[in-house]
1. Looking only at residues that are within 29 Å of E191 (Cβ to Cβ) and surrounded by 19 or more Cβ atoms within 10 Å (Cβ to Cβ) in region 109-128, which one is modelled with the lowest pLDDT?
2. Of all the residues that make up region 58-93, how many are among the charged types (D, E, K, R), part of a helix (DSSP H, G or I) and surrounded by fewer than 24 Cβ atoms within 10 Å (Cβ to Cβ)?
3. Just checking, how many residues over region 446-461 are at pLDDT below 85 and within 13 Å of L409 (Cβ to Cβ)?
4. What about I335, is it of a type outside the set (S, T, Y), buried (at least 19 other Cβ atoms within 10 Å of the Cβ) and either touching a Pro at 6+ places or on another chain (Cβ under 7 Å) or closer than 24 Å to I62 by Cβ (or both)?
5. Residue by residue through region 165-196, note down the ones that are surrounded by fewer than 19 Cβ atoms within 10 Å (Cβ to Cβ) and farther than 20 Å from G98 by Cβ.
6. I'd like to know if region 390-403 contains one or more residues that are more than 18 Å from V306 (Cα to Cα), modelled with pLDDT of 90 or more and either in the same structural domain as N88 (by TED's automatic domain parsing) or among the acidic types (D, E) (or both).
7. Which residue is surrounded by the most Cβ atoms within 10 Å (Cβ to Cβ), if the candidates are limited to region 23-40 and must be in contact (Cβ under 8 Å) with a residue 24 or more places away in the chain and outside any helix (DSSP H, G or I)?
8. Could you list all residues from region 290-341 that are of a type in the set (A, V, I, L, M, F, W, C), farther than 24 Å from L366 by Cβ and outside any loop (DSSP other than H, G, I, E, B)?
Amino acid sequence: MIPTKEVFAIDESEIHALIRDGRGGRHELMRILARAREAKRLTLSEIAALLRVEAPQDLAAIFAAARGVKEQVFGKRIVLFAPLYLSNRCANNCLYCGFRRENREAHRRSLSIPDILREAACLFELGYRRVLLVAGETPGEASLAYLCRAVEAIYRETPMPIVHVNAAPLSVEGFRRLKEAGAGVYQCFQESYHGSTYRRMHPSGPKRDYTWRLSVMDRAMEAGFDDVGMGVLFGLYDYRFEVLSLIAHARHLEQTYGVGPHTVSVPRLQPAPGAALSEAPHPVSDEVFRKIVAVFRLALPYTGVVVSTREGASLRDDVVRMGASQISAGSRTDIGGYADGAARAGTQQFSLSDSRSLDEMVHAVLDAGLLPSLCTACYRTGRTGEHFRRAAESGMLQEHCLVNALLSLAEYLERHGSAESRAVGVQRIAAALENVSDEALRRRLIDRLDRVRQGEADLHQ
């Protein structure tokens with residue numbers, strides 16, 4: 001990759017002008033949606049027009065178009081994963097976060113490497129096949145070394161096949177070391193692209209440096225991360241400004257590195273124990289949240305849209321039908337919460353709204369007529385970055401991913417599934433077999449399916 005020659009910056013006056021632009025109407029909306037359904041690149045002006053839509057019938061048209069684009073690119077697959085929180089020690093004082101330095105009531109904890117291995121092994125035994133490591137920001141060499149040791153130890157000592165990282169910005173050299181340790185996706189959220197809001201929400205600590213955080217994706221991609229995850233915290237500022245700014249940032253990465261973000265996350269501000277901010281300055285309703293998910297799907301058709309357990313069960317069940325392609329399941333945002341439970345876990349980063357387990361989420365996704373996927377084949381075969389995008393654009397992604405999703409689902413059901421999820425899963429896999437043309441793969445799936453059925457029979461004896 002060629003390092004960027006241009007420093008990325010948000011032109012706030014341009015973004016606000018797009019928001020104020022009153023042009024549009026139903027005819028214009030239909031024209032934009034026709035382009036979006038063909039996975040054409042939408043302009044920021046066209047995206048702003050989508051964000052201005054409020055009429056129920058026009059929102060329904062946006063949701064339908066987003067659902068169509070999602071299925072065209074990703075099929076019916078919904079990727080499931082879990083975050084693994086390593087430490088809630090943090091040098092920052094983010095007003096919305098339970099990990100903030102000035103939260104004097106926080107129970108601070110950092111997992112040792114043996115603790116991390118127990119957490120990762122526990123998640124694997126529950127059926128997860130990818131984890132996202134999350135840690136507070138503690139500047140210095142020790143923090144980077146800790147992350148690298150954690151990634152290397154999980155690969156070396158547990159069967160967990162894929163480890164992603166959500167951590168504070170690093171230098172290019174720091175990112176090279178993290179990549180060499182084996183990290184898959186690097187994820188970091190801007191929180192807010194609005195400069196004065198960003199500085200108000202981050203009054204002290206290294207995270208206060210807006211420019212250092214804004215340039216983090218350039219450094220990560222220069223260091224070799226071709227899959228990066230972006231996001232903002234909705235509720236801090238005008239959602240329209242944040243959506244347009246993030247998409248402008250994604251366009252910068254596309255133009256500079258040939259590929260945009262692998263994922264975009266859409267968290268809303270939620271209460272956090274010990275946070276200074278108790279309410280969102282710019283609340284985002286459920287209906288607006290649905291629109292945000294749908295607009296990201298139309299604007300970035302080949303990017304995964306991630307919805308976390310911050311959101312309630314019914315809302316998450318809605319948005320997987322209209323554009324979301326990845327969801328966390330059975331999440332814990334405390335430290336050591338999987339293996340140790342609440343008794344020894346450290347303070348949570350924020351409150352969760354969807355407490356369903358992985359198995360309950362598998363069942364819910366199947367009930368929605370969708371396909372839960374725990375597949376890790378893309379990372380194991382090097383189908384990342386530009387290779388992933390080309391496969392998605394050509395339609396090859398669906399061909400590869402349908403079979404891999406079915407195989408990973410059958411493996412989950414055989415080893416971890418409840419009687420309820422097995423019953424629905426068997427029907428789903430059997431119905432999907434007719435779309436698998438490769439005879440060798442069909443035989444593998446039929447063999448797996450027979451083993452799941454046998455296990456289901458054993459459960460009833």
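The values are calculated or read from the model by the stated rules, or taken from the named source; none is laboratory data. Everything numeric in this text was worked out from a predicted model, so none of it was measured. With ideal geometry, Cβ positions are generated from the backbone for all residues, glycine too; neighbour counts draw on all protein chains shown.
1. Of everything passing the filter in region 109-128, R109 is modelled with the lowest pLDDT.
2. Within region 58-93, the first condition is being among the charged types (D, E, K, R), and the residues that meet it are 58, 67, 70-71, 76-77, 89.
Then keep just the ones that are part of a helix (DSSP H, G or I); that gives 58, 67, 70-71.
Adding the requirement that they be surrounded by fewer than 24 Cβ atoms within 10 Å (Cβ to Cβ) leaves 58, 67, 71.
So the count comes out to 3.
3. 0
4. Values: of a type outside the set (S, T, Y): yes; buried (at least 19 other Cβ atoms within 10 Å of the Cβ): yes; either touching a Pro at 6+ places or on another chain (Cβ under 7 Å) or closer than 24 Å to I62 by Cβ (or both): no.
No; evaluated as a whole, the condition is false for this residue.
5. S171, V172, E173, R176, R177, E180, G182, G195, S196
6. No - not one qualifying residue is present in region 390-403.
7. Filtering region 23-40 down to residues in contact (Cβ under 8 Å) with a residue 24 or more places away in the chain leaves 23-24, 26, 29-30, 33, 36-37, 39.
Now restrict to residues that are outside any helix (DSSP H, G or I): 23-24, 39.
Working: R23: 9, G24: 17, A39: 15.
Checking each candidate, the answer is G24.
8. Listed by number, the residues that qualify are I292, V295, F296, L298, A299.
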